[in-house]
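The values are calculated or read from the model by the stated rules, or taken from the named source; none is laboratory data. Note that the structure is predicted; figures quoted are calculated from it, not measured. Note: ideal-geometry Cβ built from the backbone for every residue, glycine included; neighbour counts use all protein chains shown. Just so you know, the surface numbers come from the protein's heavy atoms only, side chains and all, with ligands and any DNA or RNA stripped out. Shrake-Rupley method; radii C 1.70, N 1.55, O 1.52, S 1.80 Å.
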Amino acid sequence: MSARPVSPAADVFPFSGSTYRGPAAPYAALRAEQPVVKVRTAGGVDAWLVTRYEDVRALSADPRLSRALACGPGAPRIGGTMHTTPEMIISLDSPEHSRLRKLVAGAFTLRRVERMRAGVQKVADELLDDMLAQEGPVDLVQQLAVPLPLTVIGELLGVPPQDLRDFEKWARAFATVDDRAGGEESLNGLAKLSEYIVGLVADKRAHPTDDMLSELIAARDNDDRLSEQELVTFGFTLIGAGFDTTANQLANSVLALIADHRDQWRWLVEDRSRIPVAVEELLRHVNLFATDTSGFPRIAADDIEVGGVTIAKGDAVLLSLASANRDGDVFPDADRLDLAREKNPHISFGHGLHHCLGKHLGRMEMEIALDGLVRRFPGLRLAVPAAELPWHSGEINHTLTSLPVVWGD
């Protein structure tokens, strides 16, 4: 069985109306009426859009959906998605994906991440000390949301601190999905990232240190477990993924709490032990994805039956994590932010082969940052009207350019 396109040309994917508050309006109707439907994308290619939780979760783990086919030569250009290269780990299927993932997975286990807690706490405390010393307003994006995860992943991978801000700029450019410019900004960012990592790899070959990038170089040089291009690409992918998503999720979550849900901010101030459970709900409810998908399309390597339709071999597929996280069949009162929500199987970190490698680290950074803000700045509030906040346009995520805040009486 096939399905008709979701709508006239006015509803080309990505749909308008997506914000950090939630996915665009059409998703609720699609979950109810057409959970697997063909849409025309901004790139001019038809793709299947999947919106219900169970279908999104199942397809995320289905080996018949290929990332490699979506990134290789001749792959369809689907508007609203991020430019990737074939050797990036997010572009690979098994067994290549598993080969690369195993090289670093041990550093991101829950046990290893918990050993990092004291160091992450120290970085956060220093940033908050500096914030407290200022009279305000303070830009929380540049004061905390970006430097915390950027510093942590930089230390883990062995990137010199003075280089981190350049890396931030290039990584943000790479994450741009403005198809009108032919992807030029993204490609320029990619070139800068590659050039930087090539130089860093050369330095670390000559002077290896105790960090993850040096370990990857040894795996390349001593065991031939990855190619030189894979080494370079893996390096900047880990750094970019290690800070950008966490920075955006943290900034957007703080905005949601102090601007839209002040009562729940006060609820956390009353009892900081509620923060770990609250972080899970913020991850579910606060919409990170500007296109309401993860930004990474897949191609069916075989016919797939799902949601009452047949996705034919060769068809493009988009999985809407944001819509899945608002599925009322899984999350009662799904459009409500409920920081006490105990049963919360959200898929904000993805599912299956490509689930986020750094999910434990991201959670911990969110918990530490929110705990510090709630404890030391209970009166935190916006310094400008929410409508005046600047957002970076064209990125794969909802990204605040700045978040001016004040505190006190």
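Among the residues of the stretch 336-348, the one identified as open to solvent by less than 40 Å² (accessible area, probe 1.4 Å) and either closer than 23 Å to Leu156 by Cα or of a type in the set (Gly, Ala, Ser) (or both) is Ser348. Under the condition of being in contact with a Phe, Trp or Tyr (Cβ under 9 Å, 6 or more places away or on another chain) and open to solvent by 20 Å² or more (accessible area, probe 1.4 Å), the residues counted in the stretch 145-155 number 1. When the stretch 283-305 is filtered for residues that are over 14 Å from the mean Cα position of the chain (by Cα) and open to solvent by 20 Å² or more (accessible area, probe 1.4 Å), the ones remaining, listed by number, are Arg298, Ala301, Asp302, Asp303, Glu305. The numbered conditions (1) farther than 29 Å from Thr310 by Cβ; (2) open to solvent by 10 Å² or more (accessible area, probe 1.4 Å); (3) in a helix (DSSP H, G or I) are all true for Ile90 except (1). Checking each residue in the stretch 359-376 for being at pLDDT below 95 and open to solvent by 20 Å² or more (accessible area, probe 1.4 Å) picks out Lys359, His360. Considering only residues in the stretch 193-203 that are under 20 Å from Glu87 (Cβ atoms) and open to solvent by 20 Å² or more (accessible area, probe 1.4 Å), the one that is nearest to the chain's Cα centre (by Cα) turns out to be Ser194. For first residues located in the stretch 101-122 and of a type in the set (Ser, Thr, Tyr), partners that are assigned to a helix (DSSP H, G or I) and open to solvent by 40 Å² or more (accessible area, probe 1.4 Å) and lie 6+ apart or on another chain with Cβ distances below 8 Å form the pairs Thr109/His360.
With respect to Ile258, is the statement that it is among the β-branched types (Val, Ile, Thr), surrounded by fewer than 24 Cβ atoms within 10 Å (Cβ to Cβ) and in a helix (DSSP H, G or I) true? So Ile258 fits the description; yes. Scanning the stretch 306-320 for residues that are within 30 Å of Arg336 (Cβ to Cβ) and open to solvent by 10 Å² or more (accessible area, probe 1.4 Å) yields Val306, Gly307, Gly308. Going by what's in this entry, would Gln162 be described as in a helix (DSSP H, G or I) and either of a type in the set (Gly, Ala, Ser) or touching a residue at least 24 places away in the same chain (Cβ under 8 Å) (or both)? So Gln162 does not fit the description; no. If you check Leu226, Leu190 for being of a type outside the set (S, T, N, Q), assigned to a helix (DSSP H, G or I) and open to solvent by less than 50 Å² (accessible area, probe 1.4 Å), only one passes: Leu190. The stretch 9-74 holds helices (runs of 4 or more DSSP H) entirely within its bounds, and those carrying 2 or more residues that are closer than 17 Å to Phe331 by Cβ and open to solvent by less than 50 Å² (accessible area, probe 1.4 Å) map to 26-33, 53-60.
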